[in-house]
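A short worksheet on the structure shown next.
The values are calculated or read from the model by the stated rules, or taken from the named source; none is laboratory data. On a predicted model such as this, the values are computed, not experimentally measured, just so you know. Ideal geometry is used to build each Cβ from the backbone, glycine not excepted, and the neighbour counts take in all protein chains shown.
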């Protein structure tokens, strides 16, 4: 969509049309709402001033990029947002050349911008291209941002960073004085005056330098940009992030500076949809809802694994004051919100800082507390070194409670919880186990409190697959599996976590008898039981919602090799070595051949 020649009035009308389109599609498909509605004018102004065909448009996390998708030839296709086979809810270069980079995890944008700026400089294209970064204030809580700003301020690569601030408690930018100052600080006169003044005072010693600096700082005290200026990055703002005319003017001036610039734009979350305006986590990511009153259209009668975790941990925390907990900017999603509210001195949201969460949990454990580090499986990847260096090396009893393990559905490749078993299993001192239902989840958490080693408990998004027909769970014991269905059959189904339910459902489609084992621990394994089962059952089928490479099947093959048991035929129904696309969970699993009916067909063909 070419908007270069449109008037301000036409662009303002376009913003309303974009908001209407986003609201209509997200209410039907689900997706991110409040942040993307709030960023509409900023994105329209970006496309007015810059060119996404040549300027790298880099969206942090990119959940706020819906307006960008609509402006880049995806207006009609937008109906398919986050559906299987449809367009992604995040930027995706394989989807459009206007999407510079894939993004789904936060705080990577400025590093990407620095990398792009270096490449542009090496190609001598500074007069033709400039990286444009849009980052939210939440993403500014992660340390990676400041690593990138540190280098950028030193090397001075031309870059425009737009800080979309919809939560920070900074004085309102609305008003003539703020607008005047922001425009002036971006203007040629101020920048030229600043440059000449610096040159002039350098000839008059420390006294003049000191006075000049005090005058400049007096001006900047009206704005919150001192930190960025001290890092060597020009700061403009705060400005009204919904004033298109002002945004376009400031963006153009920042582009002309040919230096790194941060533009601080304040916006209202949910702008244009009154029900969501200004609200925090509830309207960040939503399922299908009724536009008229905002009520959810997707209701589930089953208790989610996250709800079970909240209830079980609350019960334990009530009984044991040594239990503490941390999450990284996901208190609602991980179920920790009620604990943060009830025990604000023992449970913390540390912001988007998984590395910090893990390392601080290590210190808490060393001081005799029992930390529950509660993070989505996909986000623990960001703290991998800290798990090794700051927890496992000292064998500190931190519990990693990994929500969203397995297929997460519409968020897609960047969020699937596929890899935690693979990357945690290789770490010395780490214990890995998983519950299969509500009762076993309570038991798993009780066991984790007494365990004097680092451990990881994984559980799915939504409800566990129903296992009501199976025997009740036994108490957890270290490295002890539970035999659920005995059989003289040659076939053994081995389930891990939610894989137990998938195995049980698969059995319903088979006429043959099958033995079923709840593995429970993938590290350490129940070697004694497995040796006995290897004598009775020669065909093992593995069910686990995890990557095949380095996963549960790999652990069992390593065990068989170590014990020199070479007459077992093992088939793993874990995920193949590829990233898994977005879409409704059932559609995604069907595409992977992982629905119980499909798995039963494979089993039949192999026996």
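Results, tabulated for the structure shown:
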| quantity | calculated |
| --- | --- |
| From 57, 101, 50, 78, residue being over 25 Å from residue 592 (Cβ atoms), crowded, with 23+ Cβ neighbours inside 10 Å and touching a helix residue (DSSP H, G or I) at 6+ places or on another chain (Cβ under 8 Å) | 57 |
| Positions within the range 471-501 being touching a helix residue (DSSP H, G or I) at 6+ places or on another chain (Cβ under 6 Å) and assigned to a loop (DSSP other than H, G, I, E, B), in sequence order | 473, 475, 476, 481, 496 |
| So residue 362, is it closer than 22 Å to residue 461 by Cβ and either touching a residue at least 60 places away in the same chain (Cβ under 8 Å) or part of a helix (DSSP H, G or I) (or both) | no |
| Residue, surrounded by the fewest Cβ atoms within 10 Å (Cβ to Cβ), within the range 582-607, restricted to residues that are touching a residue at least 24 places away in the same chain (Cβ under 8 Å) and touching a helix residue (DSSP H, G or I) at 6+ places or on another chain (Cβ under 6 Å) | 600 |
| Any chance residue 245 is under 23 Å from residue 38 (Cβ atoms), surrounded by fewer than 17 Cβ atoms within 10 Å (Cβ to Cβ), modelled with pLDDT of 85 or more and in contact with a helix residue (DSSP H, G or I) (Cβ under 7 Å, 6 or more places away or on another chain) | yes |
| Subset of the range 571-581 (residues that are surrounded by 15 or more Cβ atoms within 10 Å (Cβ to Cβ), in contact with a helix residue (DSSP H, G or I) (Cβ under 8 Å, 6 or more places away or on another chain) and not in a loop (DSSP other than H, G, I, E, B)) | 572 |
| Residues that are part of a helix (DSSP H, G or I) and touching a helix residue (DSSP H, G or I) at 6+ places or on another chain (Cβ under 6 Å), drawn from the range 424-448 | 438, 441, 442, 445 |
| Residue ID - nearest to the chain's Cα centre (by Cα), chosen from residues in the range 19-59 that are assigned to a loop (DSSP other than H, G, I, E, B) and over 26 Å from residue 289 (Cα atoms) | 56 |
| One residue from 493, 433, 447, 441 being within 24 Å of residue 417 (Cβ to Cβ) and outside the structural domain of residue 358 (by TED's automatic domain parsing) | 493 |
| Selection count where residues are under 14 Å from residue 521 (Cα atoms) and either surrounded by fewer than 24 Cβ atoms within 10 Å (Cβ to Cβ) or touching a strand residue (DSSP E or B) at 6+ places or on another chain (Cβ under 6 Å) (or both), scope the range 454-471 | 4 |
| Matching residues in the range 398-419 - criterion: being in a loop (DSSP other than H, G, I, E, B), touching a helix residue (DSSP H, G or I) at 6+ places or on another chain (Cβ under 6 Å) and buried (at least 24 other Cβ atoms within 10 Å of the Cβ) | 398, 404, 405, 407 |
| Some residue of the range 116-139 being at positive phi, surrounded by fewer than 22 Cβ atoms within 10 Å (Cβ to Cβ) and outside the structural domain of residue 350 (by TED's automatic domain parsing) | yes |
